[in-house]
Amino acid sequence: MERAFDVPGCDACAAPAIVHQRYSGRRYCGRHLDRSVRKKVGKELRQQLHLDGRHTTILVAISGGKDSAVLLSMLHDLLGQRPDVTLIGGCVDEGIEGYRPPSMEAARQLCADLGLRFEHVAFRDLEFLDMDDVVDAMGRSTKDGAPTTACAYCGVFRRQGINALAQRVGADVVALGHNLDDVAQTVMMNLVAGEVERSLRMAPHTHRVEEGLAPRIIPLRPIPEQEVHLVALHRGLPMHHETCPNAEGAQRWRMRETVAQLEEERPGTRHGLVRTLDAIRSLAESGEPEHHVNACQRCNGPSSGPVCKACEMRGHLGLR
């Protein structure tokens with residue numbers, strides 16, 4: 001007689017476990033994984049978000065994917081009943097046919113389910129090209145120094161879109177759905193490129209608030225991508241599962257594979273990379289000159305140089 005497969009039990013109850021955290025040795029069922037993630041997100045909120053009794057409007061950048069769905073759902077649990085906090089979901093439409101429409105509908109549905117205001121802005125509204133047109137323009141471009149991946153354009157234009165939404169709703173804070181894997185990959189990319197200053201500018205911006213720019217918080221920072229996905233499934237959140245058609249081949253895609261392999265060989269690598277970022281910041285705090293955000297000479301938006309990256313990329317695409 002064939003022996004039945006034994007499913008390990010949850011460390012907190014007798015239910016079957018759905019995840020084994022190799023970095024901690026813990027096993028959890030869906031209910032206790034959700035509870036564990038919520039506790040960690042709450043701790044991050046206390047560290048990253050300083051509420052002082054005055055009313056705070058938080059724009060939660062949502063895309064229709066699992067990360068931002070869990071982020072908005074968790075923030076609604078933790079902050080939704082506070083009279084001094086307003087949560088607003090904001091989605092940026094990059095103009096990717098077949099990908100963005102269903103994901104935007106999932107984002108809109110999530111806000112409706114939670115009873116929250118939903119706002120959106122399209123690249124075209126900001127006088128950028130749709131990403132489908134950007135990809136086409138890249139194939140014809142011969143300009144030296146122009147980005148060679150669609151993600152390079154999309155990331156810069158998306159930040160401008162989030163800034164526009166934050167300004168529209170009067171947001172005091174912007175919450176992003178970056179999970180542990182996302183942050184670890186970014187830290188690795190910056191270390192490989194030797195871009196320490198870029199690491200110092202990474203969210204959360206709790207102690208680096210710049211005038212004219214709503215600070216970013218990333219409450220999912222300690223939560224691995226797999227656990228975020230499992231929590232989204234456990235909660236039954238509306239989400240779009242497809243991967244962006246322009247993602248494969250980008251530097252982050254390759255770094256994603258590298259970090260995943262390192263984590264497999266040495267559990268805890270992702271957490272170690274995030275601790276490295278925190279250590280770099282700590283060392284730089286004492287002697288680092290204050291960083292100022294300038295006004296872009298072309299669009300008057302926030303920029304670390306005379307001309308912001310979005311306007312620079314507009315030029316690569318032949319836009320004014």
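Structure values in brief
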{"read-out": "Scan of region 148-182 for residues that are over 11 Å from the mean Cα position of the chain (by Cα) and in a loop (DSSP other than H, G, I, E, B), ordered by number", "value": "148, 149, 170, 171, 172"}
{"read-out": "Flag for residue 128 being among the hydrophobic types (A, V, I, L, M, F, W, C), under 28 Å from residue 58 (Cβ atoms) and more than 21 Å from the chain's Cα centre (by Cα)", "value": "yes"}
{"read-out": "Output for region 56-110, where each listed residue is outside any loop (DSSP other than H, G, I, E, B), within 20 Å of residue 134 (Cβ to Cβ) and acidic (Asp, Glu)", "value": "93"}
{"read-out": "Verdict on residue 306 being out of contact with any helix residue (DSSP H, G or I) (no Cβ under 9 Å at 6 or more places or on another chain), assigned to a loop (DSSP other than H, G, I, E, B) and surrounded by fewer than 19 Cβ atoms within 10 Å (Cβ to Cβ)", "value": "yes"}
{"read-out": "Residue ID - modelled with the lowest pLDDT, chosen from residues in region 231-251 that are more than 21 Å from residue 102 (Cβ to Cβ) and surrounded by fewer than 16 Cβ atoms within 10 Å (Cβ to Cβ)", "value": "249"}
{"read-out": "Residue in region 141-151 that is buried (at least 18 other Cβ atoms within 10 Å of the Cβ) and hydrophobic (A, V, I, L, M, F, W, C) present", "value": "yes"}
{"read-out": "Matching residues in region 208-230 - criterion: being at pLDDT below 95 and outside any loop (DSSP other than H, G, I, E, B)", "value": "210, 213"}
{"read-out": "Any hit, region 37-49, residues being in contact with a strand residue (DSSP E or B) (Cβ under 6 Å, 6 or more places away or on another chain), of a type in the set (A, V, I, L, M), assigned to a strand (DSSP E or B) and closer than 30 Å to residue 162 by Cα", "value": "no"}
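One line per residue, one yes/no per condition, for (1) over 30 Å from residue 99 (Cβ atoms); (2) of a type in the set (Val, Ile, Thr):
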| site | (1), (2) |
| --- | --- |
| 12 | yes, no |
| 16 | yes, no |
| 24 | yes, no |
| 54 | yes, no |
| 61 | no, no |
| 64 | no, no |
| 85 | yes, yes |
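The values are calculated or read from the model by the stated rules, or taken from the named source; none is laboratory data. Because the structure is a prediction, the values reported are computed rather than measured. As a convention, Cβ positions derive from the backbone with ideal geometry for all residues, glycine included, and neighbour counts pool all protein chains shown.
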